[in-house]
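Quick notes on the structure that follows.
Read the figures in this text as sums done on the coordinates, not as results from a lab. As the structure is a prediction and not an experimental result, all values here were calculated from the model. Cβ: placed from backbone, ideal geometry, glycine included. Neighbour counts: every protein chain shown.
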Amino acid sequence: MYKVSGRQLILLAVVSAVLAGVIVACAQKVWNNQNISLERPVVADPSVATDEQNNIEVYRAVSPGVVFITSKSYVETWYGVYPQEGSGSGSIIDDQGHILTNYHVVQGATQLEVQIGQDKYAGSIVGTDRDNDLAIIKVDAPRDRLTVVRLGASKGLAVGQKVLAIGNPFGLQQTLTTGVISGLERPLRDPASRRIIEGAIQTDASINPGNSGGPLLNARGEMIGINTMIYSPNGGGSVGIGFAVPVDAAKKIIPELIAKGHIARPWMGVSLMPLNPRSARQLGLAVDKGLIVGNVYRGSGAAQAGLRASVVQDTAWGNTVLQQLGDVILTVNGQTVASTDDLQTALKDKRPGQTVEVEILRQNRRINLTLTLSELPQEYR
């Protein structure tokens, strides 16, 4: 039988006490880490996490930063002025209380209410950009109530990549749906402004009324798009075809929206009418497509460049009759412009004050002009 001396017993007791202290300290550290991860979840590497666990972690990390926006406005009808209410989603983007959402969520709003968790705050519009269907609003909320949604990148996305959407469809606060990227670089026409939003992300993640303005996320919990529209042929809910404005487009304009309230868009200073082949034949033109210059606005870049306006007359039946043809714009910086969409594309990376080379047709002669762009007036934004 093995005997233990008194000295060995004392040594054993000391070692046991030390080990017990280490175990307690490690347990306390693990508990503290668990508490931290519950309060401020960190999204695990999606390559090592299960899909279900990744969904849970993204939702825990991001959903506190997704807000529920209620807008109130007044609509004038034949029978009087009536209140109207709409709703949407938004993402907190900094600790100052700025929130990124869709322009159409706040369009015409006279009052905004923003719900963060269970708390409600008055919101104010900081800046809007109708061309990209984006807006920035602001709330005065305590910083500890503001969970910032990280902005990722939309460049380099791939069809088939997993995405998650968080929003408030039909008023159901902080709803999570998942799917994949179904398509990229989709030209998306805004039904209100009729302008093209370029490079939209298509997804089959379920998006419904109320999701507008909420984030489309990658597996790391980073915003890659702003959910803006669904294809719904019967006017109902989602049929698996939704669209998001790419976050790279938002990142370019957020600072200017916060600083100025709007985006300084380039403007040539003309009104335009598309030329079609039939009209071209009737007018005896040497081209069959382009943009006919209607009005040339005084003081604009077009006026300074010497563009000539057409003479038109409105008839009693509401039609417009061309009496004298002005210039026809053929190209802008070498890009053919057969429609106003083409012109929008040709000017998309330009700023007021920059110049463009414009090729026109004047009395069946091609002429090149240099035109300095001005800023789009407020009434046309």
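List of remarks:
- Rounded to the nearest 20 debye, the dipole magnitude of the range 162-260 is 140 debye, with +1 charges on Lys and Arg beta carbons, -1 on Asp and Glu beta carbons, and the Cα centre as origin.
- The range 53-195 - charge dipole about Cα centre, Lys and Arg +1 at Cβ, Asp and Glu -1, debye rounded to 20: 340
- Net dipole in debye of the range 266-380 [+1 Lys, Arg Cβ; -1 Asp, Glu Cβ; about Cα centre; nearest 20]: 320
- Ranked by the mean number of other Cβ atoms within 10 Å of their residues, highest first, the peptides 126-138, 145-157 fall in the order 126-138, 145-157.
- Rounded D (µm²/s) - the range 162-260, Kirkwood Rh over Cα pairs, Stokes-Einstein at 10 °C, 1.306 mPa s: 116
- On full extension, the segment bounded by residue 320 and residue 259 gains 17.8 nm, given 0.36 nm per residue less the C-alpha separation.
- Among 196, 207, 367, the ranking by other beta carbons within 10 Å of each residue's beta carbon, starting with the fewest, stands as 367, 196, 207.
- Mean-position separation - Cα centroids, the range 263-287 and the range 115-131, in angstrom: 40
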